[in-house]
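Trainee: Starting off with a structure, shown below.
The values are calculated or read from the model by the stated rules, or taken from the named source; none is laboratory data. The structure displayed is predicted, hence computed values, not measured ones. Neighbour counts run over all protein chains shown; Cβ positions are idealised from the backbone, glycine included. These accessible areas exclude ligands, DNA and RNA; they are computed on the full protein's heavy atoms, side chains included. Shrake-Rupley method; radii C 1.70, N 1.55, O 1.52, S 1.80 Å.
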Amino acid sequence: MRIDVITLFPEIFTAITESGITSRAKKRGLWSIERWNPRDVTEDNHRTVDDRPFGGGPGMVMMAEPLKRTLDLIRTSGNRGRVISFAPNGTRLTDEKVREWVASGDDLVMVCGRYEGIDQRFLDHYVDETISIGDFVLSGGELPAMVLIDAIVRQIPGAIKELSHLDESFSTGLLDAPHYTRPEVWEEVRVPEVLLSGHHANIAKWTREQSLDLTAKTRPDLIKKARAEGKLGKADEKWLRENTQPSKK
Ligand code: 9D3
């Protein structure tokens, strides 16, 4: 998969190109990234990419023309994929959307907003979807774009050991159970005995119950969703009845 990113701060993306799973997957040729700075297509002495908002109000707005010229270069260079922009007023990023983008295998173009946002005419004419990563205020779309790229890349077959993502939250519909490693006793606290027993059926049962317990306590919305999606079995329902408070959700 090829991802082209339009950003005023291309350097930020070294966080995903030079470290970790995303870096390794890139070296393996599972994905590639091209970064484009709209300042590079400006023609005035100040290399202007923003201007004051019509109608007044605080801050500056990213101008449509430098973004359009940059997108034209991206199209000419061969990326025909969907255009995703990032803004606080976008629709929420979900695991479901991430999986759809991965499954399509299509290239993507990502437009990172800065300042108060992007001229609406560019969004209306050239952007397919605007994404937010949550109800908190960031300084721009670069971190959200990296969040999305990280979420996409680790789902590409071959990026991580195959078994690890089958087990994950959002595919089981439940939160992950706690993890333990050596030593068996740390600061006088023992690892739960069942994990040392070697009894795989008991370990699986305990781990499932830990997930149910944590999810019911901290994310009752996910219990409801997992139930609706048929992801809870008879044993799960029995355990929830006997061990948790019935939720209003
Ligand atoms: C009062 C108006 N503000 C909106 C909440 C202005 C504003 C704040 C921050 C406009 C843009 C930004 C920069 N944020 C992003 O570009 C952004 C973002 C975010 O702030 N939170 C969650 N997801 C995203 S995706 C892009």
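Trainee: Among the numbered conditions (1) open to solvent by 70 Å² or more (accessible area, probe 1.4 Å); (2) farther than 27 Å from residue 15 by Cβ; (3) in contact with a helix residue (DSSP H, G or I) (Cβ under 8 Å, 6 or more places away or on another chain), tell me where residue 186 comes up short.
Mentor: In the conditions (1) open to solvent by 70 Å² or more (accessible area, probe 1.4 Å); (2) farther than 27 Å from residue 15 by Cβ; (3) in contact with a helix residue (DSSP H, G or I) (Cβ under 8 Å, 6 or more places away or on another chain), residue 186 misses (3) alone.
Trainee: Search the stretch 27-76 for residues being charged (D, E, K, R) and touching a residue at least 60 places away in the same chain (Cβ under 8 Å), and hand back the single one that is farthest from residue 6 (Cα to Cα).
Mentor: Of the residues in the stretch 27-76, the ones charged (D, E, K, R) are 27-28, 34-35, 39-40, 43-44, 47, 50-52, 65, 68-69, 72, 75.
Then keep just the ones that are touching a residue at least 60 places away in the same chain (Cβ under 8 Å); that gives 28, 50.
Working: 28: 24, 50: 14 Å.
The selected residue is 28.
Trainee: Determine whether residue 154 is surrounded by fewer than 17 Cβ atoms within 10 Å (Cβ to Cβ), more than 16 Å from the ligand (Cβ to nearest atom) and not polar (S, T, N, Q). Write out each step before concluding.
Mentor: Working: surrounded by fewer than 17 Cβ atoms within 10 Å (Cβ to Cβ): no; more than 16 Å from the ligand (Cβ to nearest atom): yes; not polar (S, T, N, Q): yes.
Answer is no for this residue.
Trainee: Return the pair list, or none, for Cβ contacts closer than 9 Å from residues in the stretch 119-138 that are polar (S, T, N, Q) to residues that are open to solvent by 90 Å² or more (accessible area, probe 1.4 Å) and modelled with pLDDT of 95 or more, at least 6 apart or on different chains.
Mentor: Final answer for the pair search is 130/89; 132/88; 132/89; 132/92.
Trainee: Looking at the stretch 15-36, can you tell me whether even one residue there is acidic (Asp, Glu) and either part of a helix (DSSP H, G or I) or open to solvent by less than 40 Å² (accessible area, probe 1.4 Å) (or both)?
Mentor: Scanning the stretch 15-36 turns up no residue that is acidic (Asp, Glu) and either part of a helix (DSSP H, G or I) or open to solvent by less than 40 Å² (accessible area, probe 1.4 Å) (or both).
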